[in-house]
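*Asks:* Please read through the structure below; I'll follow up with questions.
The values are calculated or read from the model by the stated rules, or taken from the named source; none is laboratory data. Quick caveat: nothing in here was measured; it's all calculated off a predicted structure. All Cβ positions, even for glycine, are placed from backbone atoms using ideal geometry, and neighbour counts span all protein chains on display.
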Amino acid sequence: MTHAQNNSKQQKSKELSGIENLIRATLKKHRSPFMLIRKCALRKQYERFRKCLPDVTPYYAIKANPDPRIIKTFVKLGASFDVASAAEMKLVLRLGASPSKIIFANTIKSGEDIEVARRRRVRLMTFDNEPELYKIAKHCPGARVLVRIKVANEGSQVELSLKFGADHDQAYFLLRKAKALGLVPTGVSFHVGSQSKNVENYLQALEVSANIFEESKKNGMPLKIMDIGGGFPIQHFDKEIGVNFERMASQIKKQMKELFDRKVKFIAEPGRFLAGPAGILVTQVIGRTFRNNKNYYYINDGIYGDFSGMVFDHCKYEFKTLRRGQTFLSTLAGPTCDSFDTLSINEEIPELYVGDVVYVKNIGAYSSASATPGFNGFPPAKIILV
Ligand SMILES: *Cc1c(COP(=O)(O)O)cnc(C)c1O
């Protein structure tokens, strides 16, 4: 083993014992289940994004985790925000975000929600169809609009192109139409699908977008904003390969430089990338049995709670325990009276006892946000910022 490898291994184990000490200390003060959100990790991811894509303004997509303390942390860091509804918009405004730092990035909005945007002076929004333009023109005249185009979501964990995005050859006409209706045709947006490890998705989408910029400019309607959406991937497992944000970012940066005018402003809508790595979910074993020749452990959070991402986000997680030593093939299940609430049927983990901790890292995004707390009477896991 090289010196560098040895160092990084030592660093990893130091980090691990730091996390485990934090879990033990928090359990003395709080009952599980709880989600620890490390503010230093929020900050680190935000700064990492800024450093790797210095010309791209990040709009935190709050649907990943709308906890007010997380939003506040990003407000303080100077972030902008991506909201999908009037309620999300009001929340970020209440927490101190300025209306000029908000994008209403749901291509389908109700007339009432668009009214809220007008009243609150949120001017930037996306659309991908003509009926939406009529609605925006009626409820928020003069809005600045970005046309969202359909792009390849090849290999992404969550497909978004099945539901959103105009065909490329329609984009210019839609922007023209926007102008005719008194709106301000401002640019193009796309989303390559969430947890997109495939940089080609971004590179191709930028190429298609650049053509739309070109066509618009040629026709005397130059565009100003290129919105490269979300999808930036994180590592959910310690030994996961194929996630390299730094490399991806440098390829995206190069593509932007080659294809776009220097005057074009770039923005992005990262959700998972900013919130995911900060979250550590801490649960405890509340029951165990031996069936089907295996140990079954029932923990106090499940599919209806912070593991909802296994359903909606198609996410897999790495379950960890505080015990070391011999491992056995085991099943982990949530607390509700539903077989569907089974988290894994093939975990290699040490033997556990009632009261033992099972925890998961990198679970800050699309977890508590999509939970159905209260099902079967189980309360939601507390979110604790540390
Ligand atoms: C969900 C969503 C995002 C955030 O996506 P991530 O993959 O979490 O970065 C950004 N923009 C829009 C329009 C979305 O729907």
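*Asks:* Filter region 197-228 for residues that are buried (at least 22 other Cβ atoms within 10 Å of the Cβ) and outside any helix (DSSP H, G or I) and give the result.
*Replies:* Hits for region 197-228 are 223, 226, 227, 228.
*Asks:* Any residue at all in region 275-291 that's away from the ligand (no atom under 16 Å from the Cβ) and modelled with pLDDT under 95?
*Replies:* Looking through region 275-291, at least one residue is away from the ligand (no atom under 16 Å from the Cβ) and modelled with pLDDT under 95.
*Asks:* Wholly within region 1-103, which strands (runs of 3 or more DSSP E) include no fewer than the required count, namely at least 1 residues that are modelled with pLDDT of 95 or more and within 14 Å of the ligand (Cβ to nearest atom)? First the steps, then the outcome.
*Replies:* Working: elements: 34-37, 56-61, 80-83.
Filter on region 1-103 gives 56-61, 80-83.
*Asks:* Let me ask something else. Checking residue 137 against (1) under 30 Å from residue 247 (Cα atoms); (2) more than 11 Å from the ligand (Cβ to nearest atom); (3) not aromatic (Phe, Trp, Tyr), which test does it fail?
*Replies:* So residue 137 meets the others, but not (1).
*Asks:* If we scan region 296-306, do we find a residue that is surrounded by fewer than 19 Cβ atoms within 10 Å (Cβ to Cβ) and not small (Gly, Ala, Ser)? It would help to see each step written out before you state the result.
*Replies:* Initial filter on region 296-306 (surrounded by fewer than 19 Cβ atoms within 10 Å (Cβ to Cβ)): 296.
Okay, now just the ones that are also not small (Gly, Ala, Ser), so 296.
Yes, region 296-306 has at least one match.
*Asks:* Please find, among 162, 203, the residue that is touching a helix residue (DSSP H, G or I) at 6+ places or on another chain (Cβ under 8 Å), assigned by TED's automatic domain parsing to the domain that holds residue 249 and either within 13 Å of the ligand (Cβ to nearest atom) or farther than 23 Å from residue 145 by Cβ (or both). Spell out the reasoning first.
*Replies:* Values: 162 fails: touching a helix residue (DSSP H, G or I) at 6+ places or on another chain (Cβ under 8 Å).
Exactly one of 162, 203 is touching a helix residue (DSSP H, G or I) at 6+ places or on another chain (Cβ under 8 Å), assigned by TED's automatic domain parsing to the domain that holds residue 249 and either within 13 Å of the ligand (Cβ to nearest atom) or farther than 23 Å from residue 145 by Cβ (or both), namely 203.
Matching residues to (1) on the phi > 0 side of the Ramachandran plot; (2) among the charged types (D, E, K, R); (3) without any contact (Cβ under 8 Å) to a residue 60 or more places away in the chain:
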site	(1), (2), (3)
328	no, no, yes
340	no, no, yes
353	no, no, no
356	no, yes, no
363	no, no, no
368	no, no, no
377	yes, no, yes
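*Asks:* Just wondering, is there one or more residues in region 140-152 that are surrounded by 15 or more Cβ atoms within 10 Å (Cβ to Cβ), assigned by TED's automatic domain parsing to the domain that holds residue 213 and modelled with pLDDT under 95?
*Replies:* Of the residues in region 140-152, the ones surrounded by 15 or more Cβ atoms within 10 Å (Cβ to Cβ) are 140, 143-152.
Cutting the leftovers down to assigned by TED's automatic domain parsing to the domain that holds residue 213 gives us 140, 143-152.
If we keep only those that are modelled with pLDDT under 95 as well, we get 152.
For region 140-152, residues surrounded by 15 or more Cβ atoms within 10 Å (Cβ to Cβ), assigned by TED's automatic domain parsing to the domain that holds residue 213 and modelled with pLDDT under 95: present.
*Asks:* Could you check how many residues of region 125-154 are in contact with a helix residue (DSSP H, G or I) (Cβ under 7 Å, 6 or more places away or on another chain) and in a strand (DSSP E or B)?
*Replies:* Selection size over region 125-154: 5.
*Asks:* Looking at region 30-48, is at least one residue over 17 Å from residue 275 (Cβ atoms), outside the structural domain of residue 126 (by TED's automatic domain parsing) and either hydrophobic (A, V, I, L, M, F, W, C) or out of contact with any Ser or Thr (no Cβ under 8 Å at 6 or more places or on another chain) (or both)?
*Replies:* Scanning region 30-48 turns up at least one residue that is over 17 Å from residue 275 (Cβ atoms), outside the structural domain of residue 126 (by TED's automatic domain parsing) and either hydrophobic (A, V, I, L, M, F, W, C) or out of contact with any Ser or Thr (no Cβ under 8 Å at 6 or more places or on another chain) (or both).
*Asks:* For region 249-272, enumerate the residues that are among the hydrophobic types (A, V, I, L, M, F, W, C) and touching a Ser or Thr at 6+ places or on another chain (Cβ under 9 Å). Give the steps one after another, and end with the answer.
*Replies:* The initial filter retains those residues of region 249-272 that are among the hydrophobic types (A, V, I, L, M, F, W, C), namely 249, 252, 256, 259-260, 264, 266-268.
Result: 259, 260, 266, 267, 268.
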